[in-house]
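Note sheet for the following structure.
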Amino acid sequence: MTMTDALADLSAQGVSIWLDDISRERLITGNLKELISSKHVVGVTSNPTIFQKALEEGHVYDEQLHELNIREIDLDAAVRLITSYDIRWACDVLHQTYDSSRGQDGRVSIEVDPRIAHQTERTIAEAKALWWLVDRPNVMIKIPATLAGLPAITAATAPGISVNVTLIFGIDRYRKVMDAYLTGLERARTAGIDLSSIRSVASFFVSRVDTEIDKRLDKIGTDAAKAVRGKAGIANARLAYEAFEQTFAGDRWESLKADGAHVQRPLWASTGVKDPAYEDTMYVKQLVAPNTVNTMPEATLNAVADHGVITGPTANTGYDEARGVFADLSGLGIEIDEVTEVLETEGVQKFMDSWSVLLEGVQRSLDAEAAQ
């Protein structure tokens, strides 16, 4: 096999390959362009942690920080101007992909401030502001799938904003996310907006489910517990795909589809393997299905390119087996609903912590500039 065969096979199965990383270094060096041409990358996702790490490395942001300091821009605005600059640039790099895929791919995502994850009206306002600030048709605004985020998804979709719903862990919440999207489309149609211009993905997190459940299984330590290690993340994602198939069928969806609407594709997030005991491509090759996105950290992307084997669809099957995994976990005292609630709380907090570190880092840089 050549380096790109597995990635080409994955793309041929209807899986869009997105890179779960962005930095100005990638943009300046042309690395993102190279990944597009050689590794079948057709989109990019970002999050507060990714930006925090990018700002900590090297000096590629120094010139912009210097200019922001001269203009006496406040801290929150400075962070938004820095991050939106990278997102706009990446959108331009991917614009040809956006055109050739008729808007399905070539997408770049930017997240609303995670500190407002539980504030609906502020989330809506920031989603609109980011859409305006980046000002590219291929940007996606990331809104968390918190209870407060659900009406924000609808309110952002209604005026034609393309939304990437993030931090989805459980099936029940995922169903509510899809319903929020469909309601947004219905409102957009009533307002006379071209539904074909709206795209959305729903970021369903995978490896974090295994990390949390495996930790609990290891404490139990029995043979029955060991037998279900590493199975929950993929089982959960497969049941999410089943829910996707059920939602985007029937009269409600067919009516929207007839008016040009597109499905909200499941996006497999957190697909880097955390446990070295597991195969490093497992969250890619076991989650293959049409109309999906897999956003991969570069290490996972390279692993699939180097030794991944794509045998065909794997996510749109085994639903009863997946339910069996959760029956086994329940028998061991582990309830998936409680686990996903914990993961959502932790996920929001992790992004809030990264955002705080990002703010602190930018403030230090601005202070250093001012002292020169």
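The values are calculated or read from the model by the stated rules, or taken from the named source; none is laboratory data. What you see is a predicted model; the values in this text were computed from it and never measured. With ideal geometry, Cβ positions are generated from the backbone for all residues, glycine too; neighbour counts draw on all protein chains shown. Surface accessibility is based on the protein's heavy atoms, side chains included, excluding ligands, DNA and RNA. Shrake-Rupley method; radii C 1.70, N 1.55, O 1.52, S 1.80 Å.
Its relative contact order, with pairs defined as Cα atoms under 8 Å and 6+ residues apart, puts segment 267-312 at 46 percent. Which residues in segment 272-315 place their backbone N less than 11 Å from a point set 7 Å from the Cα of D218 along the Cα-to-Cβ direction? Of the residues in segment 272-315, 275-277 have backbone N under 11 Å from the label point off D218. Counting Lys and Arg as +1 and Asp and Glu as -1 over every other residue whose Cβ lies under 13 Å from the Cβ of D99, the net charge comes to +1.
The residues of the chain expose on average 42 square angstrom of accessible surface per residue, using a 1.4 Å probe on protein heavy atoms.
The portion of the accessible surface of segment 1-155 made up by carbon and sulfur, rounded to a whole percent, is 51 (1.4 Å probe; DNA, RNA and ligands excluded). Spatially close Lys pairs in the chain, defined by Cα atoms under 20 Å apart and a spacing of eight or more places or different chains, total 19.
Checking every one of the trypsin sites (Lys or Arg not before Pro) in segment 66-114 against DSSP loop status and a limit of 11 other Cβ atoms within 10 Å picks out R71, R102. Taking the chain as a Gaussian network, where each spring joins two C-alpha atoms under 10 Å apart, which residue of D99, D251, D259 fluctuates the most? The residue that fluctuates most here is D251. Here's how it looks for M296: its modeled amide H is under 5 Å from those of W18, L19, D20, which are all 5 or more places away or on a different chain. The Rg/Rh ratio for segment 1-88 is 1.10, where Rg is the radius of gyration of the alpha carbons and Rh is the Kirkwood radius. Taking amide H positions as modeled 1.01 Å from N, with prolines and chain starts lacking one, the residues under 5 Å from R107 and 5 or more places away or on another chain are V44. Counting every pair of alpha carbons in segment 239-372, the share spaced more than 26 Å apart comes to 47 percent. In summary, the chain shows an alpha-carbon radius of gyration equal to 0.98 times the 2.2 N^0.38 Å reference for compact globular proteins. If the label point is 7 Å along Cα→Cβ of A299, which residues in segment 4-32 have backbone nitrogen under 18 Å from it? So the set is 19-23. Among beta bridges from DSSP that stay inside the chain, the antiparallel ones total about 0%.
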